[in-house]
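Below: one structure, written as structure tokens.
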Amino acid sequence: MDNTFRRGPLLLLAGRANHPLAAEIGQLLRENPDQVTIRNFSDGEIFVRIDDNARGRDVFIIQPTVAPADTIMELLLLIDAAKRASAARVTAVVPYFGYGRQDRKDQPRVAIGAKLAANLMVAAGADRMIGMDFHQHQIQAFFDIPVDHLYAAPILARYFHDKNLTDLVVVAPDVGSAKMARGFANRLDAALAIIDKRRPGPNMAEVANVVGDVDGRTCLLIDDMVDTGGTLANAVVALKERGATQVFAGATHAVLSGSAVEKLAAAPLEEFVVTNTIHIPEERCFEGLKILSVASLFATAIECVHENRSVSQLFEMAAKAESGWLTD
Ligand code: R5P
């Protein structure tokens, strides 16, 4: 990455939630994200200390807020430490925004976890936020600070485009993913189908209907996140029962909780393609799982924010220059 136009004192810091991604971003930016000490007291309480001078610097803290909630606390402490060390500006770089599913009061007396998580980051002192594929795009409005919302779609779509899949149908595994799936269908010049999914209970998923023609065709399921894997595993079975010849799947955030790995490894999937917004340890990887890196997107976004250049314009220009087909 061209380092010549860099101005001002950038300070890149990594929490512990996804160190491999932070290291990759650091390598692209030629910055060391490890100038921080983080450890736990014996009761689990987190201690953080920034090991370099932060006074007057433009601080970027990389930390996906994946469960358990300690990752959020660690991010808040890092933001607080940077503020108290007189950083000029603090940007929370959150590749996966946890609690994003709790974005509205859909039952009486429930919390809106996404708003609370956003409030906490702002209260801790974050001046800006960079995120990727929020569960709902409106979550941007939960932050009373500027948010740069990135999309993994260019990376995932390019991967599937290069596979030259014929007679392709992009399938939304539920109505909530329909917009994302439509974007992929446009990018890949494919048809669109939508699954009517029901949730009989929390973390349970059932396919009620498939709207669209999948018989004899190659299907690509697209979702923002895969958690227990129930939605995806059931969708694959439903598509196969309706005559799909091959089923691929792509998702931005691989939460993969509970028995998701076992479920998906056993599913009749050709390939399950995710990004590295959440770290997947080697022992959780399985045959057919492909992990694409979003490091260059985040590195470019950090560089643009640091240089006060437009983030969206830069991605559009890069996409056009690359191929001419990959524009929003
Ligand atoms: C639903 O709203 C999301 O787009 C995902 O389909 C869902 O969160 C995946 O959850 P799970 O893998 O637990 O079925």
Number of positions in the stretch 59-98 that are closer than 26 Å to ALA251 by Cβ and either in the same structural domain as ASN276 (by TED's automatic domain parsing) or of a type outside the set (A, V, I, L, M) (or both): 13
Set ALA152, ALA205: member being under 25 Å from PRO64 (Cβ atoms), within 16 Å of the ligand (Cβ to nearest atom) and modelled with pLDDT under 95: ALA205
Residue in the stretch 171-198 that is farthest from the ligand (Cβ to nearest atom), counting only those that are of a type in the set (D, E, K, R) and part of a loop (DSSP other than H, G, I, E, B): ASP189
Count of the stretch 211-250 residues which are more than 8 Å from the ligand (Cβ to nearest atom) and under 15 Å from the mean Cα position of the chain (by Cα): 2
Index of the failed condition, ALA190 passing every other in (1) without any contact (Cβ under 8 Å) to a residue 12 or more places away in the chain; (2) touching a Phe, Trp or Tyr at 6+ places or on another chain (Cβ under 8 Å): (1)
Subset of the stretch 255-268 [assigned to a helix (DSSP H, G or I) and more than 8 Å from the ligand (Cβ to nearest atom)]: VAL261, GLU262, LYS263, LEU264, ALA265, ALA266
Qualifying residues in the stretch 269-284 (those that are part of a loop (DSSP other than H, G, I, E, B) and over 23 Å from LEU28 (Cβ atoms)) - the one nearest to the ligand (Cβ to nearest atom): LEU269
Meets criteria (touching a His at 6+ places or on another chain (Cβ under 8 Å) and assigned by TED's automatic domain parsing to the domain that holds MET129) for LEU21: yes
Subset of the stretch 175-223 [crowded, with 20+ Cβ neighbours inside 10 Å and of a type in the set (Lys, Arg)]: ARG187, LYS197, ARG217
Which listed residue, of ALA126, ALA157, is assigned to a helix (DSSP H, G or I) and either at pLDDT 95 or above or buried (at least 16 other Cβ atoms within 10 Å of the Cβ) (or both): ALA157
The stretch 52-89, residues that are without any contact (Cβ under 8 Å) to a residue 24 or more places away in the chain and under 26 Å from THR277 (Cα atoms): PRO68
Residue match in the stretch 175-186 (condition: of a type in the set (Val, Ile, Thr) and either outside the structural domain of PHE272 (by TED's automatic domain parsing) or at pLDDT below 95 (or both)): yes
Residues (in a loop (DSSP other than H, G, I, E, B) and either in contact (Cβ under 8 Å) with a residue 60 or more places away in the chain or in contact with a Gly (Cβ under 9 Å, 6 or more places away or on another chain) (or both)) located in the stretch 285-303: SER293, VAL294
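The values are calculated or read from the model by the stated rules, or taken from the named source; none is laboratory data. From a predicted model like this one, the values you see are computed outputs, not experimental measurements. Counting neighbours? That spans all protein chains shown, and the Cβs are built from the backbone with ideal geometry, glycine included.
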